[in-house]
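What follows is a single structure, written as structure tokens, with notes after it.
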């Protein structure tokens, strides 16, 4: 009686494991997890809980999996399994075929054609960004599924939201989008009903968890750390800070930055990270935080047009910056070596022997991946109004959610931080998922057509054979 259920469960586990192994191929080829400049903070954070001023503690707690297992590979494995699991749940709700028939082929597509496996194999929260989009959409549109499928998905989505401050903003925005789609469905008197209780609860629970984690580890019950210095750096790059200081500084007051107004760097990174940077000369992030917040708020009031234009330009730039391999460099060895050697000696040895330590050329990969990703995204955008016109509301909702998540991610990261390839690369693979699901009915129709043609051909051949036999008789 229970054999079909056991067999189905074994098939599901097998497909998840196979898809996980597929997404891990680049990291296995590298012989070590991939590291970004910020990865050093997540190496030592589970040991010291010394939180840098521009981090969220969530991914540090998640990276504690590595401390428990004694290797960073454990973190990579867990985040890859979570990714595959959420993709499978998305296929179960939106795809017309059984998810276990599609999961491994889709994993092969994502591994060969997108930056997802490079993010999944990296010690960075970027690996989990796409899970927020798929998780919330699947919870909302798959509200009629049994609770034992929905609650684990909500837990996985909660983890993804809680590991980075930009994830929290993205999650809030997506819940708002899904709520609007729910209201639109009711106004259209659609049979499809979005259930928003669990997605909304997931975001609230994630925010509560982040506040609690900061309280326990840092003694401060805060949701996110102030982004004011990051915003100031962006104003320096956009020349808005220079304009504001020229208009408001008399001599060396009233701002500390007044005496630097003619020496401001041209990029945000130079303002923040260069040795002997202005931030460092002024005593660091904490000391500059209040002034940065003041300059941002007052400049927003005085120059709203300049801020709006800069936001549009930065969002547009971020939308098309999506190259794979951003920050996966051998140049960071000097930064990460001592920390990695101290906390994970075996992983340190693996890193020194890895291909990243020698240097990986991502140019051949990006030569076809970038235009392909832009093309697939364009196909998705063109398919979106078609889905609405055909009243395929489930597919239309998924497409709309993913499209708006790409824009929202570009807005959040481009404006609040600064455009970077890794920010959009961490989400662009969602376009491939949507287009793959949308292509399923077409592929299914083609397969059925071929089956009918073969059947007709066989029947015709059998008829000729039968006719020939009658003649002999």
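Here are the numbers:
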{"item": "Scan of the range 284-299 for residues that are closer than 17 Å to residue 242 by Cβ and surrounded by 16 or more Cβ atoms within 10 Å (Cβ to Cβ), ordered by number", "result": "288, 291, 292, 295, 296, 299"}
{"item": "Among the candidates 206, 212, 179, residue that is more than 29 Å from residue 37 (Cβ to Cβ), modelled with pLDDT of 85 or more and in a helix (DSSP H, G or I)", "result": "179"}
{"item": "Members of the range 148-183 found to be within 18 Å of residue 391 (Cβ to Cβ) and surrounded by 15 or more Cβ atoms within 10 Å (Cβ to Cβ), listed by number", "result": "181, 182"}
{"item": "Residue list for the range 269-283, filter: surrounded by 13 or more Cβ atoms within 10 Å (Cβ to Cβ) and not in a helix (DSSP H, G or I)", "result": "274, 277, 282"}
{"item": "Members of the range 324-337 found to be part of a loop (DSSP other than H, G, I, E, B) and either crowded, with 20+ Cβ neighbours inside 10 Å or over 24 Å from the mean Cα position of the chain (by Cα) (or both), listed by number", "result": "324, 325, 326, 328"}
{"item": "Subset tally (residues that are in a helix (DSSP H, G or I) and either in contact with a strand residue (DSSP E or B) (Cβ under 7 Å, 6 or more places away or on another chain) or more than 29 Å from residue 13 (Cβ to Cβ) (or both)) for the range 43-85", "result": "7"}
{"item": "Residue 415, sole failed condition from (1) surrounded by 18 or more Cβ atoms within 10 Å (Cβ to Cβ); (2) within 21 Å of residue 102 (Cα to Cα); (3) at pLDDT below 95", "result": "(2)"}
{"item": "Set 395, 380, 384: member being surrounded by 16 or more Cβ atoms within 10 Å (Cβ to Cβ), free of Cβ contacts under 8 Å to residues at least 24 places away in the same chain, touching a helix residue (DSSP H, G or I) at 6+ places or on another chain (Cβ under 9 Å) and not in a loop (DSSP other than H, G, I, E, B)", "result": "384"}
{"item": "Every residue from the range 418-436 that is in a helix (DSSP H, G or I), surrounded by fewer than 24 Cβ atoms within 10 Å (Cβ to Cβ) and over 13 Å from the mean Cα position of the chain (by Cα)", "result": "432, 435, 436"}
{"item": "Residues satisfying the stated conditions in the range 408-417, i.e. assigned to a helix (DSSP H, G or I), over 13 Å from the mean Cα position of the chain (by Cα) and farther than 19 Å from residue 378 by Cα", "result": "414, 415, 416"}
{"item": "Index of the failed condition, residue 264 passing every other in (1) out of contact with any helix residue (DSSP H, G or I) (no Cβ under 6 Å at 6 or more places or on another chain); (2) not in a helix (DSSP H, G or I)", "result": "(1)"}
{"item": "Filter result (free of Cβ contacts under 8 Å to residues at least 24 places away in the same chain and out of contact with any helix residue (DSSP H, G or I) (no Cβ under 8 Å at 6 or more places or on another chain)) within the range 29-51", "result": "48"}
{"item": "Test result for residue 57, more than 19 Å from the chain's Cα centre (by Cα) and at pLDDT below 95", "result": "no"}
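The values are calculated or read from the model by the stated rules, or taken from the named source; none is laboratory data. Because the structure is predicted, anything quoted here is derived from the model rather than measured. Ideal geometry is used to build each Cβ from the backbone, glycine not excepted, and the neighbour counts take in all protein chains shown.
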